[in-house]
Amino acid sequence: MSKTINLTLKVWRQAGADTPGKLETYNATNIDVEMSFLEMLDVINEEIALDDGDPIAFDNDCREGICGTCGVVVNGSPHGPQKSTTLCQLHMRKFNDGDTLIIEPWRAKAFPVIKDLVVDRSALDRISQAGGYTGVKTGQAPEAHTIAVPKADSDKAMDAAACIGCGACVAACPNASAMLYVGAKVSHLGLLPQGKLDCDRVINMVNQMDAEGFGNCTNTYECEATCPKDINVSNIARMNRTHLVEKIIQRKNS
Amino acid sequence: MQSICKKQLLGLTGLLLVGFLGGHLGGNLFLFGGADSFNGYAQHLANLRPGLLLIEGALGLLFITHIITALNVWFENQAARPIKYIATNQNSEQSLASKTMPYTGLFILLYLIWHLFNYTYAFGINHQPGLLTIKLPNGTVETKDFGLYGIVYASFKFSILNTLFYVIAMCVIGFHISHGFASALQTFGFSHKKYTPIVEKLSKLIGLIVAVAFSSIALYILIFNPINAISGGN
Ligand code: FES
């Protein structure tokens, strides 16, 4: 039998979008340190359910750090205290016996709470729909060498493509800005020849980002520090300069 | 205006203001040269009128644009997170300078107003005399009008509170720039594996230079009393 710990959880409970929420205290006793954070919540939920209570709602899907569905703020840190790790990949051995954990949902105007720890992140999808796509010819897959991509570019594009869209960058940003997410989407396709087809992709994405009510980036780099996939803020710089260039081209063409 | 455009405007005006500070510092260094040197420089500037008005107008516009854009960005950012976190992030890596930009900015605005009344327009509009009583090497005491130099001199030499406020303000400006300079470059899209860390150091260095260089003049007058003044007029 492996080591167990006892924790006090203060969890944000909110019945619905328009009802006020508050922190509720739960005792997490005999928690196996080999459990993941989500498994720990499962154990608590089982106990709540056995008591005829309403289990804590939280988002999750793959539980292997690749889908971007999970994520809550643990003691002020999105995805918890471990760097480069999603909440589902965070293990309870990261915590000490007797710790008190304050568990809150992502906080942003653009991410309204649906229930408890579940927030509506569809604002990010709408940004991607506004310009985070590329035009690709249909038909048979072309020969791999028809469009040559420099290695350095493909590396950067792949790094940006690691973004799983979990929204932790927004949650961590003191301004609730989505710039790291949008920056990753810009680099992901914009560095590849296929992505260079449309010249107002970034403008459209930024318009949507602003309309959703995200804040303005003030280069605090909290996003990069929190990102479970280590997306670099150089992607934000790329987005800034691409945006400037697109603006100039747009002005010239009008 | 789009968020990125707004921040680029904020960054551009900020960078231009840093440039202005560089020029201002150059002028202030004439204070080390004594009354004739500094008043000569001030006269030189005044002689540029009415052309100077144009520069002053442009400068005013820079300040106002920077302040209004910054306030707008700040208010929008407050609104972007209507419900704050209960716990504070223990793993935060945000620098104190970036966290306090709105507050250091507002403090600088206060200082700016104080500066305009006390220095910029103290002489030109109020025609306040810069009387200083100095002790000559032969022991005699003399009171005369040292012009703008006298006003600045008296303000640093005979009011510790004034000098303290000035030095604090210079440190706050330096602190503001230490984040602002590098941040502005990032906002314009400058990012490089090798050069961005250098830009970040440079940003801190510029802030440090502004704080130290401006303060040194005030402290030099306060501590060394280069013209042996024993009391100020006014
Ligand atoms: S549940 Fe898929 S990343 Fe955590």
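Picking from A:N45, A:N30, which residue would you name as being away from the ligand (no atom under 14 Å from the Cβ), more than 20 Å from A:D116 (Cα to Cα) and without any contact (Cβ under 8 Å) to a residue 40 or more places away in the chain?
A:N30
Might you let me know whether the range A:184-200 holds any residue that is outside the structural domain of A:R107 (by TED's automatic domain parsing) and within 16 Å of the ligand (Cβ to nearest atom)?
yes
Can you tell me which residue is surrounded by the most Cβ atoms within 10 Å (Cβ to Cβ) among those in the range A:33-42 that are in contact (Cβ under 8 Å) with a residue 24 or more places away in the chain and aliphatic (A, V, I, L, M)?
A:M40
List the pairs whose first member sits in the range A:60-86 and is without any contact (Cβ under 8 Å) to a residue 40 or more places away in the chain and within 16 Å of A:P105 (Cβ to Cβ), whose second member is more than 6 Å from the ligand (Cβ to nearest atom) and among the aliphatic types (A, V, I, L, M), and whose Cβ atoms are under 7 Å apart, counting only residues at least 6 apart or on separate chains?
If the second residue must be more than 6 Å from the ligand (Cβ to nearest atom) and among the aliphatic types (A, V, I, L, M), the pairs left are A:N60/A:L38; A:V74/A:L101; A:V74/A:I103; A:N75/A:L101; A:N75/A:I102; A:N75/B:A87; A:G76/B:A87.
Being in a loop (DSSP other than H, G, I, E, B), outside the structural domain of A:A168 (by TED's automatic domain parsing), within 16 Å of the ligand (Cβ to nearest atom) and at pLDDT 95 or above narrows it down to one of A:G53, A:G68, so name that one.
Checking each option against the conditions leaves just A:G68.
I need a count of the residues in the range A:223-252 that are surrounded by fewer than 18 Cβ atoms within 10 Å (Cβ to Cβ) and in a loop (DSSP other than H, G, I, E, B).
1
Got at least one residue in the range A:162-181 being in a loop (DSSP other than H, G, I, E, B), more than 14 Å from every other protein chain (Cβ to nearest Cβ) and more than 29 Å from A:T85 (Cβ to Cβ)?
no
Kindly evaluate A:D153 against the criterion of being in a helix (DSSP H, G or I), modelled with pLDDT of 95 or more and surrounded by 14 or more Cβ atoms within 10 Å (Cβ to Cβ).
Here the answer is no, as A:D153 does not meet what is asked.
Please find, within the range A:205-222, the residue that is surrounded by the fewest Cβ atoms within 10 Å (Cβ to Cβ) out of those that are of a type in the set (S, T, N, Q) and either under 16 Å from B:Q8 (Cα atoms) or at the interface with another protein chain (Cβ under 7 Å from one of its Cβ atoms) (or both).
Residue satisfying both the conditions and the ranking: A:N207.
Which of the residues belonging to the range A:16-52 are in contact with a strand residue (DSSP E or B) (Cβ under 7 Å, 6 or more places away or on another chain) and under 19 Å from A:R107 (Cβ atoms)?
Those that are in contact with a strand residue (DSSP E or B) (Cβ under 7 Å, 6 or more places away or on another chain) and under 19 Å from A:R107 (Cβ atoms): A:G16, A:A17, A:G21, A:K22, A:L23, A:E24.
From the residues in the range A:76-113 that are among the basic types (K, R) and within 11 Å of chain B (Cβ to nearest Cβ), which one is farthest from the ligand (Cβ to nearest atom)?
Going through the qualifying residues, I end up with A:K109.
Look at B:K193 and say whether it is surrounded by 14 or more Cβ atoms within 10 Å (Cβ to Cβ) and either more than 18 Å from the chain's Cα centre (by Cα) or within 14 Å of chain A (Cβ to nearest Cβ) (or both).
no
Only residues that are crowded, with 24+ Cβ neighbours inside 10 Å and away from chain B (no Cβ under 14 Å): list them for the range A:185-204, please.
The answer is A:K185, and nothing else.
Restricting attention to the range A:218-254, which residues are among the hydrophobic types (A, V, I, L, M, F, W, C) and out of contact with any Gly (no Cβ under 7 Å at 6 or more places or on another chain)?
Scanning the range A:218-254 gives A:C223, A:A225, A:C227, A:I231, A:V233, A:V245, A:I248, A:I249.
From the set of residues in the range B:90-110 that are buried (at least 18 other Cβ atoms within 10 Å of the Cβ) and within 16 Å of the chain's Cα centre (by Cα), which is farthest from A:T226 (Cα to Cα)?
Ranking the candidates gives B:I108 first.
So which of A:L23, A:L7 ends up being closer than 24 Å to B:P82 by Cα and either in a loop (DSSP other than H, G, I, E, B) or away from the ligand (no atom under 14 Å from the Cβ) (or both)?
A:L23
The values are calculated or read from the model by the stated rules, or taken from the named source; none is laboratory data. Predicted model, so just to flag it, every value in this text is computed and none were measured. Here Cβ is always computed from backbone atoms with ideal geometry, including for glycine, and neighbour counts include all displayed protein chains.
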